[in-house]
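Please treat every number below as a calculation from the coordinates, not as lab data. Note that the coordinates shown come from a computational prediction; the quantities given were computed from them, not determined experimentally. FYI the Cβ positions are ideal-geometry reconstructions off the backbone, even for glycines, and counts take in every protein chain you see.
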Amino acid sequence: MESLKVLWMSTGLANFELGQVIMMLVGCGLLYLAIARNFEPLLLVPMGFGAILTNIPVAGFSEVGGLLHYIYYAGIDTGIFPLLIFMGVGAMTDFGALIANPKTLLLGAAAQFGIFATLFGAIALNYVGLDFSMKDASAIAIIGGADGPTAIFLASKLAPDLLGAIAVAAYSYMALVPIIQPPIMRALTTEDERKIEMAQLRHVTRVEKIIFPLAVLLMTIFFLPAATPLVGMFCLGNLMRECGVVDRLSSTAQNELINIVTIFLGLGVGSKLSAEQFLNTKTLGILALGAVAFSIGTATGVLMAKLMNKLSKDKVNPLIGAAGVSAVPMAARVANKVGLEANPHNFLLMHAMGPNVAGVLGSAVAAGILLALVG
Amino acid sequence: MENLQALFIEAGTLMLAGMVFVFAFLGLLIIFINTVLVRLAKKYPDAIVENKAQSKKNNKKQDGKGVSPAVVAAISSAVTQYRQQHSAQK
């Protein structure tokens, strides 16, 4: 009889707590979004599954000795996984459109306003009883950079307790770019502005593409060493792509390596989706602030593009400003789609890739500033 | 409340410093691209572009004979590929 009792006590049914059941349902929700709705499936599948695993009673996945515990501390707490992902992103990024039209860097810079404006929102939530410090606020605000690895990297350094909610918010909003951005883009532009056709981009030579990542790294070393982990890995990946002599390494960085790391990154982030860390009012605040950050970033990017269109001798379609929030390449595709709705002969995709990759650089620089000043 | 006020001031300073720095950093990159990279591009143009320009000239001459540029490009890339494979086998 005693052994039957011990056996019962070792079952999941006897040990389940309500919070764990809710978080498992959240994990199932993430799996549903990934599988049925195709929302960022590469990350949400391992993340959703990680959320289920970490909430299994008795198994102790996220306790010392558990698999997810070690994955988190080896890869995310140290910052290694987001940085490896950033190297892969660098290997997948073509700076050609940016080098051909360098003024689009200003659009990438303007869209970072969403990050810094959200700092105020996070602090303001202290009035309604949420206790966000400046470090918490900075980690939440980086969601506006619309860059998953950057958000995870910064959150792991500044506010590890909020990492799960921040990662879920960042990837959810990136998946929702086609829904969040178009209304803002339409509201801030006129029909005529959306119809603007831009001049064809010039050819960018191989030498330019090789020198560019090295120059970005050099500038980061000089002016913002705190951002060199992110920018350095990004530039390494990009240099491997462009130099043309290490195609095997470039291919590994943008395929096998990034895929392997994505599995572990997703599981590691999922391990932070435990009931005690996720089921609180702070999570709601983070989800709301993430949407605000994203929307402000989109708006300031479009407004900056409108200003450039007024001042520049070459015409600039303001829609490409929305791509400044990064979220590569989804935001550029959205700009292209909204442009095509206004003018079926207007293909903005290549023009939008400029501010899009500028946004990646901009959010890495913004993360470096927050790390240097708050971390 | 005073603590919150101090946090707001800190957030304002961060915003100002952050935006100025992001614009300055990316602005410097614009200057770099417009000065250094553009000159480098003129000094070291891509070999492929030169070939394309040459083939365009050649195509203009052959236009009268009715050979389309696409066909010429396809044949020349096939020949290059064949030569590369042939030399690799050796």
Simple label model, 7 Å out from Cα along Cβ direction - residue B:71 to residue A:73, nm:
7.1 nm
Any aspartates and glutamates whose Cα falls less than 12 Å from that of residue B:43, other than same-chain ones fewer than 8 residues away, would be A:208
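For the stretch A:1-136, what mean projected area does the convex hull of the alpha carbons give, in nm²?
Values: hull surface 54.0 nm².
Convex hull of Cα atoms, orientation-averaged projection: 13.5 nm².
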Which helices count as membrane-span-like in chain A under these terms: full DSSP H, at least 24 Å along the axis by C-alpha, Kyte-Doolittle mean of 0.0 or more?
A:18-35, A:206-223, A:281-311, A:349-374
What number results when the radius of gyration of the stretch A:94-149, computed over Cα atoms, is divided by 2.2 N^0.38 Å?
1.49
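Could you work out the percent of alpha carbon pairs in the stretch A:327-375 separated by over 15 Å, rounded to a whole number? The partial results should precede the final answer.
Working: 623 of 1176 pairs.
In whole percent, the long-distance tail amounts to 53.
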What spacing in nm lies between the two simple spin-label points modelled at residue A:199 and residue A:312, each 7 Å away from Cα in the Cβ direction?
1.0 nm
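May I ask for the Rg/Rh ratio of the stretch A:173-328, computed from Cα atoms with Rh as the Kirkwood radius, given to two decimals? Working shown, then result.
On the way: Rg = 19.9 Å, Rh = 19.3 Å.
That ratio is 1.04, to two decimals.
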Exercise: per-residue mean of other protein chain Cβ atoms within 10 Å, A:23-36
0
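In terms of the ratio Rg/(2.2 N^0.38 Å) built on C-alpha atoms, what value belongs to the stretch A:117-202?
This ratio for the stretch A:117-202 stands at 1.41.
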Between the DSSP loop rule and a limit of at most 14 other Cβ atoms within 10 Å, which trypsin sites (Lys or Arg not before Pro) in the stretch A:228-336 are left?
A:313, A:315
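Most exposed first by the Cβ proxy, i.e. fewest other Cβ within 10 Å, how do A:222, A:39, A:113 rank? All intermediate terms of the calculation are to be shown ahead of the outcome.
Values: A:222 9, A:39 17, A:113 24.
Starting with the residue having the fewest Cβ neighbours, the order is A:222, A:39, A:113.
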Fraction of alpha-carbon pairs over 33 Å apart in the protein assembly as shown - percent:
42 percent
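Other chains' Cβ within 10 Å of A:148-158 residues: what's the mean? The partial results should precede the final answer.
Details: counts 0, 0, 0, 0, 0, 0, 0, 0, 0, 0, 0.
So the per-residue partner count for this stretch is 0.
Going by C-beta contacts inside 10 Å, put A:156, A:138, B:68 in order with the fewest on the left.
Numbers: A:156 25, A:138 31, B:68 11.
Neighbour counts put them in this order, fewest first: B:68, A:156, A:138.
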